[in-house]
Amino acid sequence: MKEYRKKIAVLGSTGSIGTQTLDVVRANGDLEVEALSAGSNIDLLEQQIREFRPKLAAVYHEEKAVQLRERLRDMDVSCLLYTSDAADDLIGV
């Protein structure tokens with residue numbers, strides 16, 4: 001029987017509630033992170049992306065989004081600038 005995993009997007013993944021949410025994901029094998037977003041803490045966001053391997057990541061600040069894309073060239077993840085359109089994409093995952 002195929003294992004079913006609930007897919008989630010974590011908005012604000014580098015903040016207090018976001019990091020706690022990811023702790024819950026670590027503790028539960030039935031959750032899969034499809035998308036992460038952060039304001040500007042791309043150091044922590046990069047670590048989270050490498051651990052959870054989401055398909056999509058969004059950053060609020062354009063300069064940080066460019067830096068994150070560069071850092072993640074070795075990974076299969078789409079990095080977006082966080083706009084209202086990007087938020088729609090995250091929510092629609």
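The values are calculated or read from the model by the stated rules, or taken from the named source; none is laboratory data. A quick note: this is a predicted structure, and the numbers were derived from the prediction, not measured. Note: ideal-geometry Cβ built from the backbone for every residue, glycine included; neighbour counts use all protein chains shown. Each accessible area value is taken on the protein alone, full model and side chains, heavy atoms only, with ligands, DNA and RNA left out. Shrake-Rupley method; radii C 1.70, N 1.55, O 1.52, S 1.80 Å.
Going by the conditions given, is Ile42 open to solvent by less than 10 Å² (accessible area, probe 1.4 Å) and closer than 24 Å to Glu3 by Cβ?
No; evaluated as a whole, the condition is false for this residue.
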_I'd like to know if the range 7-26 contains one or more residues that are closer than 15 Å to Tyr60 by Cα and in contact (Cβ under 8 Å) with a residue 40 or more places away in the chain._
yes
*Considering each residue of the range 37-71, count those that are of a type outside the set (Phe, Trp, Tyr) and under 23 Å from Asp23 (Cα atoms), and give that number.*
23
*For the range 40-79, enumerate the residues that are in a loop (DSSP other than H, G, I, E, B) and touching a Cys at 6+ places or on another chain (Cβ under 8 Å).*
Leu72
*Is there a residue in the range 81-93 that is modelled with pLDDT under 95, buried (at least 20 other Cβ atoms within 10 Å of the Cβ) and within 20 Å of Thr19 (Cα to Cα)?*
yes
*Report the residue count in the range 45-67 for those that are over 20 Å from Arg5 (Cα atoms) and modelled with pLDDT of 95 or more.*
3
*Somewhere in the range 11-33, is a residue open to solvent by 80 Å² or more (accessible area, probe 1.4 Å), within 12 Å of the chain's Cα centre (by Cα) and of a type outside the set (Phe, Trp, Tyr)?*
yes
_Selection from the range 22-39 of residues that are among the hydrophobic types (A, V, I, L, M, F, W, C) and assigned to a strand (DSSP E or B)_ = Leu31, Val33, Ala35, Leu36, Ala38
